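**Q** Here it is, the structure in full.
The values are calculated or read from the model by the stated rules, or taken from the named source; none is laboratory data. None of these values were measured; they are calculated from a predicted model. So basically every Cβ, Gly included, is an ideal-geometry build from the backbone, and we count neighbours across all protein chains shown.
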Amino acid sequence: MSTTANDTSRARGKAPAGERIADWADGRLGIYSLAKANMRKIFPDHWSFMLGEVCMYSFIIIILTGVYLTLFFHPSMNEVVYHGSYVPLQGQMMSEAFNSTLHISFDVRGGLLVRQIHHWAALIFLAGMFVHMMRVFFTGAFRKPREINWLFGFLLFVLGMFTGFTGYSLPDDLLSGTGVRFTEGAILSMPIVGTYISYFLFGGQFPGHDFVARFYSIHILLLPGIMLGLMVAHLILVFYHKHTQFAGPGKTNNNVVGMPLLPVYMAKAGGFFFLVFGVIAAIAAVAQINPIWAIGPYRVDQVSTGAQPDWYMGFAEGLIRFMPGWEINFWGHTLVLGVFIPLVLFGVVLGAMAAYPFIESWITGDKSEHHILDRPRNAPTRTGLGVAWVTMYMITLVGGGNDLWATHFHLSINAVTWFVRIFFFVGPVIAFIATKRICLGLQRRDRDKVLHGRETGIIKRLPHGEFIEVHEPLSQEQLHTLTTHTQYAPAEIGPAVDENGVERKVTASEKLRAKLSNAYYGEDNQIPKPTSEEYKEITSGHGHH
Amino acid sequence: MKKLSVRRRHPLAAVVVLLLALAATGGLYAAFAPAGKAQADAGSQSLTIKEGKKLFEVGCASCHGTGGQGSSDGPSLVGVGAAAVDFQVGTGRMPAATSQGAQVPRKKTVYTQTQIDQLAAYIASLGAGPVVPTKQQYGPDGADIAKGGELFRTNCAQCHNFTGKGGALTKGKFAPTLEGVDPKHIYEAMQTGPQNMPSFPDTTLSSQNKKDIIAYLHAVDSSETTNPGGLELGGLGPVSEGLFAWIFGLGALIAVAVWVAARTAKAKKS
């Protein structure tokens with residue numbers, strides 16, 4: 001170190017340690033420009049915008065606890081005799097995977113708690129993603145420019161399902177073994193390729209000696225790796241697109257109103273991480289999950305009643321349970337429709353969610369950017385479709401637990417199954433119609449509120465004896481919030497003849513699109529919001545209502 | 001030999017042959033006849049049967065027929081044995097309130113154990129069947145819990161769930177929970193196969209096997225069972241766990257999110 005350098009720094013006074021570290025890092029990483037661009041990034045405030053955070057934090061918790069579990073878990077199907085501390089399994093033959101999971105549960109310090117945090121966090125992660133996805137759906141946040149991010153989120157949900165499935169199959173217990181057998185059956189039901197895929201996956205006949213080790217690689221490496229990448233991409237896109245916001249005074253399609261990332265959101269998000277961790281740890285400390293010691297080791301000749309998958313796969317279980325056991329024989333080949341149709345439906349029902357943004361944008365012809373969220377009532381057809389989808393999903397979940405519905409509500413399992421069969425089709429229709437009517441009713445109420453004010457509940461008696469309810473006019477902010485949404489006109493087919501008077505060929509898809517567009521924006525499918533003329537006219541004379 | 005052939009026409013020869021034949025028959029009978037019945041105290045046994053018959057005529061005959069031969073409302077009880085009576089009446093399933101419904105549920109017992117024994121003795125007198133097990137048969141001494149668990153998962157879990165929490169059968173029938181069921185009744189149920197349950201006679205599931213299963217159930221599904229992980233959530237597996245995760249897990253987190261979002265920093269001083 002030279003003397004001159006020392007002198008100058010002493011003359012200016014030594015910079016604080018933090019600044020010197022930042023300088024050091026900036027010279028190597030260029031963090032100043034990065035921080036300058038992003039530190040003051042604005043995020044709007046709403047509790048429902050934190051659902052994604054719940055997912056991200058539970059994912060981090062899963063990774064942290066998962067690392068701990070890998071230190072003690074042996075992904076092997078070698079048979080061993082149990083000599084651990086759980087008495088009711090003493091001397092039983094089991095796989096090393098099951099044995100090591102028992103070891104984690106009873107003989108590793110903190111093992112059971114970490115296992116339970118891992119498993120509870122997984123259930124909550126998937127539930128969080130489901131609700132987060134619904135929030136994005138019902139507020140229309142998937143519209144341009146966020147369609148790709150919607151797909152990333154959708155992929156995260158689907159990959160989360162399969163990461164969860166491969167995870168709970170690892171202990172090689174009787175319950176998960178039954179689930180793996182179920183999966184093998186679904187794979188086998190695929191025409192032509194089924195047997196090949198099954199033999200490839202299990203390395204021969206089920207269960208073989210390979211699947212735990214293979215699921216282990218998939219569970220701890222392949223799927224979480226992809227998910228981590230997708231999650232980062234998801235977040236980068238959130239930064240790039242900026243967060244959506246609900247309509248309100250001062251909030252436009254071209255700005256974001258909220259708090260800066262630093263320091264407000266850093267503090268909030270950091271604190272929220274610990275809250276999420278705390279809640280999940282508390283649940284894991286209080287409630288038992290997947291007690292594999294009570295379930296017992298997997299053996300192909302054993303099975304228990306009440307064998308359900310974790311909730312996010314319950315939807316697949318339900319599809320299988322309520323599907324009639326059809327099969328057809330074709331030139332000596334059996335096509336097990338009773339399993340294959342549910343397998344196809346599994347993809348179709350989930351795929352419908354992935355495809356929805358593109359379908360809606362095609363129908364409505366809306367290609368503009370949207371940064372202001374819709375209130376669900378202002379998009380009655382979309383909201384109706386969403387509720388119909390959720391209804392279908394929930395009915396299928398009921399089907400997946402049909403035996404527990406039967407025993408706990410003293411019903412016949414056949415009656416529950418038939419209910420599910422019928423309501424799988426009827427339920428979504430009822431839900432769609434009811435939701436749409438409710439949305440339109442709420443739109444009418446908003447219209448009334450804008451034009452006539454808020455009902456105060458105060459009854460006034462006029463001098464001539466008439467009773468009226470006093471309506472209080474809304475504030476300017478409220479009026480803005482209730483009337484700021486855009487109302488679209490349905491897409492027209494266009495003139496039947498072109499500018500030269502030649503008859504134009506109208507394609508079937510154009511006709512279909514016009515019809516569907518009418519279902520979204522047609523006369524009966526949205527209530528015209530009050531215009532300023534209407535508002536002026538009605539509020540010009542006082543005392544009218 | 002000559003001596004014998006000379007005396008074969010003796011006036012007492014027929015008597016001697018008859019005596020020999022009787023002794024042989026009696027001896028054979030004594031050697032092969034069921035020991036329990038032969039040694040029973042005939043006097044008190046017949047009195048118990050008599051009392052049982054009286055109870056039967058009042059409480060059971062309307063469905064099972066006056067001689068236990070059965071009717072359109074109830075099956076014949078000839079040959080079901082004392083164990084079946086002790087199980088059905090001892091768990092309150094019999095007398096059933098009605099022959100309608102998918103299945104007769106367990107309910108409060110209406111007879112005392114003495115009365116049940118009397119009924120059982122009467123039914124057993126109608127035809128031989130499984131007898132009521134002794135405490136030595138169903139007690140915990142000498143039981144192998146782990147073996148019992150293996151047997152339970154192989155033979156019972158299909159209907160009664162991993163740890164005997166019960167499950168659904170077709171058309172409203174069900175396999176009941178085994179929690180809080182008297183070990184004797186579990187033994188008898190295996191022996192006799194009540195309602196929809198298959199029977200597991202000693203040839204299928206030995207007495208020792210039954211003892212093991214009972215000991216296993218006591219270990220995993222009784223008031224003395226400990227749950228190292230915390231609340232058991234009904235022991236029903238992923239359905240109740242999923243409900244719990246949604247309601248208490250995600251529910252709590254959404255409540256926390258609402259709380260955090262409501263406590264916002266002020267952008268400008270006001």
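**Q** Check whether at least one residue in the stretch B:81-98 is touching a residue at least 24 places away in the same chain (Cβ under 8 Å) and surrounded by fewer than 14 Cβ atoms within 10 Å (Cβ to Cβ), and report yes or no.
**A** Restricting attention to the stretch B:81-98, the residues satisfying the condition of being touching a residue at least 24 places away in the same chain (Cβ under 8 Å) are B:81-91, B:93-96.
Those left that are additionally surrounded by fewer than 14 Cβ atoms within 10 Å (Cβ to Cβ): none.
Within the stretch B:81-98, not a single residue is touching a residue at least 24 places away in the same chain (Cβ under 8 Å) and surrounded by fewer than 14 Cβ atoms within 10 Å (Cβ to Cβ).
**Q** In this structure, does A:LYS436 turn out to be under 27 Å from A:VAL136 (Cα atoms), of a type in the set (Lys, Arg) and in contact with a Gly (Cβ under 7 Å, 6 or more places away or on another chain)?
**A** yes
**Q** Right, next: Let me confirm something: among A:TYR521, A:TYR535, which residue is hydroxyl-bearing (Ser, Thr, Tyr), in contact (Cβ under 8 Å) with a residue 40 or more places away in the chain and under 17 Å from A:ASP448 (Cβ atoms)?
**A** Details: A:TYR521 fails: under 17 Å from A:ASP448 (Cβ atoms).
Selected residue: A:TYR535, the only one of A:TYR521, A:TYR535 that is hydroxyl-bearing (Ser, Thr, Tyr), in contact (Cβ under 8 Å) with a residue 40 or more places away in the chain and under 17 Å from A:ASP448 (Cβ atoms).
**Q** Quick check: anything in the stretch B:156-172 under 19 Å from B:ASP86 (Cβ atoms), in contact (Cβ under 8 Å) with a residue 24 or more places away in the chain and not basic (Lys, Arg)?
**A** Within the stretch B:156-172 (the criterion being under 19 Å from B:ASP86 (Cβ atoms), in contact (Cβ under 8 Å) with a residue 24 or more places away in the chain and not basic (Lys, Arg)), the answer is no, since none of the residues qualifies.
**Q** Which ones in the stretch B:236-258 are more than 7 Å from chain A (Cβ to nearest Cβ) and closer than 22 Å to A:SER176 by Cβ?
**A** Hits for the stretch B:236-258 are B:SER240, B:LEU243.
**Q** Which count do you get for residues in the stretch B:60-102 that are in a loop (DSSP other than H, G, I, E, B) and in contact with a Gly (Cβ under 7 Å, 6 or more places away or on another chain)?
**A** Going residue by residue through the stretch B:60-102, those that are in a loop (DSSP other than H, G, I, E, B) are B:60, B:65-70, B:72-73, B:75-80, B:91-102.
Add one more test, that the residue is in contact with a Gly (Cβ under 7 Å, 6 or more places away or on another chain), and what stays is B:76-80, B:95, B:99, B:102.
Of the residues in that region, 8 qualify.
**Q** Looking at this structure, is A:LEU397 under 21 Å from A:PRO428 (Cα atoms), part of a helix (DSSP H, G or I), away from every other protein chain (no Cβ under 14 Å) and under 19 Å from the mean Cα position of the chain (by Cα)?
**A** No: the conditions fail for A:LEU397.
**Q** In addition: Return the residue satisfying two criteria in turn: it lies in the stretch B:220-235 and is surrounded by fewer than 22 Cβ atoms within 10 Å (Cβ to Cβ) and of a type in the set (A, V, I, L, M, F, W, C), and of such residues it is farthest from the other protein chains (Cβ to nearest Cβ).
**A** Across the stretch B:220-235, the extreme among qualifying residues is B:LEU233.
**Q** Being at negative phi, surrounded by 12 or more Cβ atoms within 10 Å (Cβ to Cβ), in contact with a Ser or Thr (Cβ under 6 Å, 6 or more places away or on another chain) and not assigned by TED's automatic domain parsing to the domain that holds A:ASN255, is that true of even one residue in the stretch A:32-47?
**A** yes
**Q** Quick check on the stretch A:483-490. Is at least one of its residues over 27 Å from A:LYS251 (Cβ atoms) and either under 34 Å from the mean Cα position of the chain (by Cα) or in a helix (DSSP H, G or I) (or both)?
**A** Yes, there is a match, as at least one residue in the stretch A:483-490 is over 27 Å from A:LYS251 (Cβ atoms) and either under 34 Å from the mean Cα position of the chain (by Cα) or in a helix (DSSP H, G or I) (or both).
**Q** Next question, about the same structure. Going residue by residue through the stretch A:508-525, is there one that turns out to be exposed (fewer than 11 other Cβ atoms within 10 Å of the Cβ) and part of a loop (DSSP other than H, G, I, E, B)?
**A** No: zero hits.
Residue-wise test of (1) in contact with a Gly (Cβ under 7 Å, 6 or more places away or on another chain); (2) away from every other protein chain (no Cβ under 14 Å).
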site: A:PHE274; (1), (2): no, no
site: A:ALA285; (1), (2): yes, no
site: A:TYR298; (1), (2): yes, no
site: A:PRO324; (1), (2): yes, yes
site: A:GLU327; (1), (2): yes, yes
site: A:LEU337; (1), (2): no, yes
site: A:LEU350; (1), (2): no, yes
site: A:PHE358; (1), (2): no, yes
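**Q** Please determine, by comparing only the residues of the stretch B:42-74 that are touching a residue at least 12 places away in the same chain (Cβ under 8 Å) and among the β-branched types (Val, Ile, Thr), which one is farthest from B:THR114 (Cα to Cα).
**A** Top of the filtered list is B:ILE49.
**Q** In the stretch B:207-242, which residues are within 9 Å of B:GLY148 (Cβ to Cβ) and either among the aliphatic types (A, V, I, L, M) or assigned to a loop (DSSP other than H, G, I, E, B) (or both)?
**A** Listed by number, the residues that qualify are B:ILE213, B:ILE214, B:ALA215, B:LEU217, B:ALA219.
Residue-by-condition table, conditions (1) at pLDDT 95 or above; (2) assigned by TED's automatic domain parsing to the domain that holds A:ASN253; (3) in contact with a Pro (Cβ under 7 Å, 6 or more places away or on another chain); (4) among the β-branched types (Val, Ile, Thr):
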residue	(1), (2), (3), (4)
A:ASN149	yes, yes, no, no
A:PHE162	yes, yes, no, no
A:THR166	yes, yes, no, yes
A:SER189	no, no, no, no
A:THR195	no, no, no, yes
A:LEU201	no, no, no, no
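**Q** Further, regarding this structure: Considering only helices (runs of 4 or more DSSP H) fully contained in the stretch A:14-95, which possess at least 3 residues that are β-branched (Val, Ile, Thr) and within 14 Å of chain B (Cβ to nearest Cβ)? I'd like the intermediate steps shown before the answer.
**A** Details: elements: A:17-29, A:31-38, A:51-70.
In the stretch A:14-95, the matching helices (runs of 4 or more DSSP H) lie at A:51-70.
**Q** Failed condition for A:ILE124, given (1) assigned to a helix (DSSP H, G or I); (2) under 30 Å from A:HIS485 (Cα atoms); (3) within 13 Å of the chain's Cα centre (by Cα), with all others met?
**A** Tallying (1) assigned to a helix (DSSP H, G or I); (2) under 30 Å from A:HIS485 (Cα atoms); (3) within 13 Å of the chain's Cα centre (by Cα), A:ILE124 fails exactly one: (2).
**Q** Of everything in the stretch A:294-338 that's buried (at least 21 other Cβ atoms within 10 Å of the Cβ) and in contact with a strand residue (DSSP E or B) (Cβ under 9 Å, 6 or more places away or on another chain), which residue is nearest to B:THR154 (Cα to Cα)?
**A** Among residues in the stretch A:294-338 that are buried (at least 21 other Cβ atoms within 10 Å of the Cβ) and in contact with a strand residue (DSSP E or B) (Cβ under 9 Å, 6 or more places away or on another chain), the one nearest to B:THR154 (Cα to Cα) is A:SER304.
**Q** Which one is surrounded by the fewest Cβ atoms within 10 Å (Cβ to Cβ), of the residues in the stretch A:256-293 that are at pLDDT 90 or above and among the β-branched types (Val, Ile, Thr)?
**A** Within the stretch A:256-293, the match that is surrounded by the fewest Cβ atoms within 10 Å (Cβ to Cβ) is A:VAL286.
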